[in-house]
Amino acid sequence: MSINSTTNQPNDSSKNTRSSHKYNSHNKPFLKLIKVIIGRPLKLQDLKSEEIGSIEGIPALSLDAITSVAYGPEAIIVVLATAGATALHLVLPITIFIVVLLTLLVMSYRQVIDGYPGGGGAYIVSKTNLGKKVSQVAAASLIVDYTLTVAVSIAAGVGALTSAFTGLAPLTVLLCLIILAVITVLNLRGVGEAARAFLLPTIIFIFGILTVIAVGLIHPLANDLIPHGKSLLNTNLTTSLSILLILKAFASGCSALTGVEAIANGVPLFKEPRVKNAKNTELLLGIILGVMLIGLAILANKFHISPRTDNTVLSQIMLKSIGLNWAYYLISFAVLIELALAANTSFGGLPILTSLLSKDNYLPHFFGLRSDRLVYSRGVWVLTGLSGTILIALNGNTDNMIPLFAIGVFTGFTLAQTGMVVHWLKLKPANWHYKALLNGLGALLTAIATIVFVVTKFTEGAWIVVVTIPIFILMFNRINSYYKTARNAIELSSERFVKTQFETLVLVPVVDISKTTELALTNAFVISDRVVALKVVFPEDNTFKDFETRWRTWNNKVRLITLNTEYHSVVHPLVRFIELISNEHLKIIVIIPVYSPPKWYQKLLHNQLDLVLSSSLSHLPNVIVAKSLFSQRSVNQEV
């Protein structure tokens with residue numbers, strides 16, 4: 001931390017780093033334990049160490065799509081099995097059509113990465129080209145998709161484990177929650193660290209599945225082996241093969257395409273050149289997923305695979321291909337690990353989305369704050385809570401979740417592709433006709449797929465998603481309405497501040513120039529005529545010079561001291577500054593400006609910085625902490 005002011009103040013060196021953090025762990029063993037688990041605070045310059053390359057992009061943002069081979073083909077077979085064994089030959093044609101759609105989506109999202117390298121995917125594309133209302137639909141759809149991705153991925157991973165070790169079946173929900181907790185901790189430590197931790201099991205999973213396909217196609221080792229479990233194949237032929245049933249099987253199989261959009265949503269996580277690395281990861285994802293889907297569909301036909309109790313389709317194919325041996329158990333364990341870790345895709349994407357939504361005033365502003373590990377940790381915690389609730393409510397059963405799964409993501413697909421068509425029509429770059437045609441075709445096919453999902457899966461639980469998305473949109477609008485009202489309530493009507501002379505040293509941390517700041521300074525001068533305003537400045541803050549100019553215009557009598565920090569924290573530099581200037585002959589009063597909303601629950605929409613700062617300053621000697629509450633009772637808009 002360095003301090004810029006008219007008086008000379010010492011710079012913070014590395015040897016003082018420990019003391020600048022001691023306030024946060026002083027006599028607090030729980031906080032010390034959290035720091036051991038989560039890791040030491042990172043400087044903003046350390047953010048580059050958390051960025052990922054093209055290969056690391058697979059475990060960080062692509063596991064959801066790649067591991068969908070464990071439940072996508074099974075979802076097709078389960079539906080076709082209701083029409084009897086003769087319908088199972090359609091597994092391959094349906095899979096081929098899904099891979100064609102995959103190819104189209106990969107090409108389309110590479111264009112999204114080119115056009116919108118700031119991340120946000122369908123939300124940003126829709127917001128820019130289709131308007132705010134449509135972008136809210138995209139955002140709500142993505143939140144539903146990300147949440148269900150976590151739940152389905154973990155449940156599928158545990159399902160693979162219980163297929164190999166049937167005695168663990170009663171512990172399904174507990175195992176799901178344990179895996180969820182591990183993934184949460186890894187992501188609180190940083191996306192880059194999680195990606196590197198997941199790279200080895202990802203390589204084992206990919207090579208394992210490709211080995212199963214190769215052996216099964218060339219020379220299966222146990223073609224006559226009968227898998228355990230009771231067959232669920234319909235032998236009464238109460239359901240006939242129809243176009244509707246085929247469409248239903250296609251809709252179920254499209255769950256294998258979820259996660260294709262995550263790379264475009266998380267472009268800011270990549271190393272420079274970000275666009276090139278992200279596009280390479282998208283292409284690599286498409287090739288790996290397409291090969292595995294086609295290969296497994298061919299083997300499902302070759303081995304006449306049908307759904308069975310307590311035994312997944314993937315497990316049956318593995319048994320037939322490589323037999324019941326150490327390789328089967330090794331690959332089964334890799335499938336379990338990868339399916340569980342596939343939830344990492346959502347942990348990479350949703351926190352970025354929620355941070356963008358908070359900047360647009362659609363979610364509480366604390367979603368836009370980074371933790372000490374430079375992670376949008378509030379988004380991580382919310383995702384953990386929502387997905388954990390679903391796992392408990394649906395008993396960790398993927399069959400209960402699949403009907404809910406693809407509607408959200410395919411809605412996002414459709415809006416992103418439609419937005420890109422408008423994007424090309426506006427800019428008209430070279431070859432824009434072909435680009436617009438590609439995105440237009442993608443929008444048409446994914447829109448048809450979305451309609452098929454809603455129609456064929458509505459009574460099986462898809463109605464929950466259809467209802468949930470409007471609820472999210474309503475929440476966005478209510479929060480946005482509150483922020484508009486709050487901004488109007490604290491907006492300044494006068495240009496200059498009138499100083500009132502009093503006496504003692506008072507420090508007022510300021511974020512912006514508003515009525516809350518004005519009231520805090522007024523209260524400060526009631527106590528003393530020695531008042532200093534403190535402003536913490538981060539390295540990426542390009543607006544400070546403008547703030548400094550406006551401050552001199554508005555209030556040139558109150559001294560403004562800037563505290564430059566390398567850490568992404570307002571609290572650390574303030575505490576360090578007070579430690580530097582305090583002595584036994586000096587009484588310091590810190591007045592924290594706070595906006596007090598009309599409704600108690602509206603406090604949740606603010607970043608709670610006053611609580612954190614009050615707690616951190618409370619142990620310092622000769623320091624009195626007070627809050628200056630600006631309360632506008634006329635702000636009566638409910639959220």
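Derivation of every value follows stated rules applied to the coordinates shown; laboratory data play no part. Note that the structure is a prediction, hence the values are computed from the model and not measured. Because the Cβ atoms are built from the backbone with ideal geometry, glycine has one as well, and the counts that use them run over all protein chains shown.
Quote the relative contact order of the chain in percent (integer), defining contacts as alpha-carbon pairs under 8 Å separated by 6+ residues.
Once normalised by length, the contact order is 22 percent.
Loop by DSSP (not H, G, I, E, B), at most 15 other beta-carbon atoms within 10 Å: where is the longest site-free stretch of the chain for GluC sites (Glu not before Pro)?
Between the exposed loop sites, the longest stretch runs 1-490.
Using 7 Å Cα-to-Cβ label points, what is the residue 199/residue 478 separation (nm, one decimal)?
Each label point lies 7 Å from its Cα, and together they span 4.5 nm.
Let me know the longest stretch in the chain that avoids all trypsin sites (Lys or Arg not before Pro) found in a DSSP loop with at most 12 other C-beta atoms within 10 Å.
The answer is 231-495.
Find which of 532, 305, 106 sits farthest along the positive direction of the dipole of the chain, computed with +1 on the beta-carbon of Lys and Arg, -1 on that of Asp and Glu, about the Cα centre.
532
For the chain, state the semi-axes of the equivalent ellipsoid (square roots of 5 times the eigenvalues of the alpha-carbon gyration tensor), sorted largest first and rounded to whole angstrom.
On the way: eigenvalues 557, 136, 91 Å².
Computed over the chain, the values are 53, 26, 21 Å.
What FRET efficiency, computed as 1/(1 + (r/R0)^6) with R0 = 30 Å and r the Cβ-Cβ distance, is obtained for residue 165 and residue 210, rounded to the nearest 0.05?
Calculated transfer efficiency: 0.80.
Which FRET efficiency, nearest 0.05, do residue 298 and residue 181 yield, Cβ-Cβ r, R0 45 Å?
About 0.75, to the nearest 0.05.
In the range 428-566, what is the count of Lys pairs whose alpha carbons are under 26 Å apart, counting only pairs at least 8 residues apart or on separate chains?
For the range 428-566, the number of qualifying lysine pairs is 13.
I'm checking a number: the convex hull volume of the Cα atoms of the range 546-639, normalised per residue, in Å³. What is it?
152 Å³
Run the numbers for residue 174 and residue 392: contour at 0.36 nm per residue of separation, minus the present Cα-Cα distance, in nm. Spell out each step's value before the answer.
Numbers: separation 218, 0.36 × 218 = 78.48 nm, distance 0.88 nm.
In short, 77.6 nm is gained.
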